[in-house]
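Here's the structure we're looking at; comments come further down.
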Amino acid sequence: MMTNPKQKTRLLLNLWNLAGTEKAINQGQLNKQVKLSRETSKDYQKIYTELEALGAISRSKVKSTTKITLTDKGLQLLAESLKNPEFQYNPRQRVRTKDFNALLNWLRWSSQAARSPTSLDGNTKTEARQLRSYEEFKPVALAVYDQINRDYNLDHLIPIYRIRRTIGDRVTRSQFNEWMLEMQANDIIQLIGDQAVDVTPDQLEDSISTKLSGLRFFVKRLDIET
């Protein structure tokens, strides 16, 4: 029997809101946060099992307590689930304050992740956290990709230089190249060599070029349906 996709999305959203991807929380604490008035903790057991099998969460035992951690795969699944038009409340269904606030926090976070490390007025630098590993870089790069695709209606064919410039100095140029190529090797994205018209030299410089495959100007996601 398939689990309820809305319950699954709400569980991931509240897990992210409570703990992000950097710490584990007690499963009991998450149950109290996510379950509705007529639900019990048992209603979510199959969801935990399914999410663990998908690699979206990891579970560990500390004495008699089960700890839950959201993985990068879970973060990606949450982003895709929230964009699904089927995730919506029934007009007769009361929206819980917990879910509403968690969603607001997600919108603020995802908007910030898609911005360059400058303030809203474009002048003052902010304390954007450095991306020190591939696992930290990947969700940010995908969030930036999605934001650019939405803002400019690019039909999932995004110039690499736009992503590089949006992420900015949170990574070095060599790290950006290495991790984008790793995402391609993991079949998450495809780097495409066809060039658009009226390309400037600085845009070419901010693309990716390798000795084996030459210049790559565009990037396209492979892990979503377009």
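Every number here is computed from the coordinates shown, using simple stated rules; none is lab data. In this text, all values refer to a predicted model and were calculated from it rather than measured experimentally. Because the Cβ atoms are built from the backbone with ideal geometry, glycine has one as well, and the counts that use them run over all protein chains shown.
Computed values, structure above
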| read-out | value |
| --- | --- |
| Residue within the range 56-66 that is in contact with a Pro (Cβ under 7 Å, 6 or more places away or on another chain) and either surrounded by 14 or more Cβ atoms within 10 Å (Cβ to Cβ) or assigned to a helix (DSSP H, G or I) (or both) present | no |
| Tally, over the range 23-35, of residues that are more than 21 Å from the chain's Cα centre (by Cα) and surrounded by 13 or more Cβ atoms within 10 Å (Cβ to Cβ) | 6 |
| Unmet requirement for residue 104, which otherwise passes all of (1) among the hydrophobic types (A, V, I, L, M, F, W, C); (2) surrounded by fewer than 15 Cβ atoms within 10 Å (Cβ to Cβ); (3) over 22 Å from residue 32 (Cα atoms) | (3) |
| Failed item in (1) over 18 Å from residue 138 (Cα atoms); (2) out of contact with any helix residue (DSSP H, G or I) (no Cβ under 6 Å at 6 or more places or on another chain); (3) surrounded by 12 or more Cβ atoms within 10 Å (Cβ to Cβ), with residue 97 passing the rest | (3) |
| Where residue 69 falls short, out of the listed (1) surrounded by 17 or more Cβ atoms within 10 Å (Cβ to Cβ); (2) polar (S, T, N, Q); (3) more than 23 Å from the chain's Cα centre (by Cα) | (3) |
| Hey, residue 33 of a type outside the set (Gly, Ala, Ser), in contact with a Leu (Cβ under 8 Å, 6 or more places away or on another chain), over 20 Å from residue 98 (Cβ atoms) and in contact (Cβ under 8 Å) with a residue 12 or more places away in the chain or not | no |
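Yes or no, residue by residue, for (1) crowded, with 16+ Cβ neighbours inside 10 Å; (2) touching an Asp or Glu at 6+ places or on another chain (Cβ under 6 Å):
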residue: 164; (1), (2): yes, yes
residue: 172; (1), (2): no, no
residue: 175; (1), (2): yes, no
residue: 179; (1), (2): yes, no
residue: 186; (1), (2): no, no
residue: 190; (1), (2): no, no
